[in-house]
Amino acid sequence: MTVFLCESSFDGILTGVYEAYASGLGPERCRLELTDEYEPAMFAEYREIPADPVKAGKVANKVRSFMSEEAYVCLYRASLHKSPERADRILRFIVLGLKNGRKTIRMLQNPVVYEIFDMDRNVGREAHFLREFCRFERLESGIYYGKVGPENRVLEIVADHFSDRFPDMDWILYDEIHNMAALHSGKGGWLIREHMTEEELTRIDEQKRKDPYVDLWKVFFRSIAIEERKNPVCQRTMLPLRYRKYMTEFEQK
């Protein structure tokens with residue numbers, strides 16, 4: 001068995017797909033793993049593949065033209081999933097797609113297709129939750145700051161939403177699970193910053209101040225609640241507990 005090791009970025013995964021397919025080994029004799037998440041196996045040959053935008057672009061164009069734009073978007077979102085097997089699943093989906101073309105995305109009875117579909121759905125659901133439950137607070141510098149803790153790497157999807165919603169604001173959205181942040185400028189544009197340092201995070205914490213709107217929001221939240229109609233089980237279904245520690249109205253004391 002030959003294992004190709006690729007970077008966890010979408011370009012990195014598509015480059016790995018390019019090299020694995022070009023090797024001619026076929027999915028039965030090779031796997032695609034992530035460099036920083038794989039578990040070594042006995043009797044396997046490992047080949048490390050650096051990300052190559054040109055090779056990744058060729059794979060992306062092939063998926064778009066031969067399978068569909070929908071399939072490409074589905075694979076992109078699957079690449080953001082938390083599963084350490086996402087790279088290999090993407091490889092097998094593309095290999096299958098090169099045989100079946102545009103109908104591939106509808107072949108949900110096939111385990112390879114269903115796995116990608118399920119990963120895409122999971123990422124989309126979490127991104128939707130974060131768009132609804134994310135809370136920002138104003139720092140002393142005037143920048144708005146929000147913190148989230150998603151299981152999947154959905155920051156890019158969520159940042160694009162808030163960039164459209166708050167185009168004139170300077171804001172930072174920090175993902176503490178993956179230690180990355182989306183930085184948006186009110187002058188236009190946003191970018192993803194990987195590996196925020198302790199010094200940067202400490203500076204942000206030092207700028208936090210008592211915002212009167214925080215208390216107003218909490219009062220509003222309590223005042224609209226109807227005591228007789230409280231249903232904790234239903235509330236947990238609509239608002240999972242893991243999101244609450246990042247929300248102003250559920251802030252821990």
| said: Suppose we filter region 166-184 for residues that are under 13 Å from GLU200 (Cα atoms) and among the small types (Gly, Ala, Ser); how many remain? | reply: 1
| task | Considering only region 1-48, state which residues are open to solvent by less than 20 Å² (accessible area, probe 1.4 Å) and either in contact with a Gly (Cβ under 6 Å, 6 or more places away or on another chain) or part of a strand (DSSP E or B) (or both). | result | THR2, VAL3, PHE4, LEU5, CYS6, CYS30, LEU32, LEU34
| note | Output for Cβ contacts, cut-off 6 Å, separation at least six or different chains, first residue under 16 Å from GLU70 (Cα atoms) and without any contact (Cβ under 8 Å) to a residue 24 or more places away in the chain in region 115-130, second among the acidic types (Asp, Glu) and assigned to a helix (DSSP H, G or I), reads none
| query | Of all residues in region 151-188, how many are part of a strand (DSSP E or B) and either under 24 Å from SER83 (Cα atoms) or open to solvent by 50 Å² or more (accessible area, probe 1.4 Å) (or both)? | reply | 7
| message | Can you report the number of residues in region 240-253 which are modelled with pLDDT of 85 or more, among the hydrophobic types (A, V, I, L, M, F, W, C) and either open to solvent by less than 100 Å² (accessible area, probe 1.4 Å) or in contact with a strand residue (DSSP E or B) (Cβ under 6 Å, 6 or more places away or on another chain) (or both)? | response | 1
| task | Identify all residues within region 189-221 that are loosely packed, with under 13 Cβ neighbours inside 10 Å, of a type outside the set (D, E, K, R) and at pLDDT below 80; write none if there are none. | result | PRO212, TYR213
| Unique match (being buried (at least 20 other Cβ atoms within 10 Å of the Cβ) and not in a loop (DSSP other than H, G, I, E, B)) among GLU126, GLU137 | GLU126
| said: For the structure I just gave you, tell me whether GLU85 is in contact with a Lys or Arg (Cβ under 8 Å, 6 or more places away or on another chain), among the acidic types (Asp, Glu) and closer than 23 Å to ILE177 by Cβ. | reply: no
| Taking region 104-114 only, how many residues are crowded, with 20+ Cβ neighbours inside 10 Å and either in contact (Cβ under 8 Å) with a residue 24 or more places away in the chain or outside any helix (DSSP H, G or I) (or both)? | 2
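Yes or no, residue by residue, for (1) modelled with pLDDT of 95 or more; (2) within 23 Å of ILE116 (Cβ to Cβ):
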position	(1), (2)
TYR38	no, yes
VAL54	yes, no
VAL59	yes, yes
VAL63	yes, yes
CYS74	yes, yes
SER79	yes, yes
| Checklist (1) surrounded by 14 or more Cβ atoms within 10 Å (Cβ to Cβ); (2) closer than 18 Å to SER79 by Cα applied to GLY146, failing item | (2)
| field | Odd one out for ALA87, checked against (1) within 26 Å of LEU173 (Cα to Cα); (2) in a helix (DSSP H, G or I) | value | (1)
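The values are calculated or read from the model by the stated rules, or taken from the named source; none is laboratory data. Because the structure is predicted, anything quoted here is derived from the model rather than measured. FYI the Cβ positions are ideal-geometry reconstructions off the backbone, even for glycines, and counts take in every protein chain you see. Heads up: the accessible areas ignore ligands, DNA and RNA and are worked out on the full protein's heavy atoms, side chains in. Shrake-Rupley method; radii C 1.70, N 1.55, O 1.52, S 1.80 Å.
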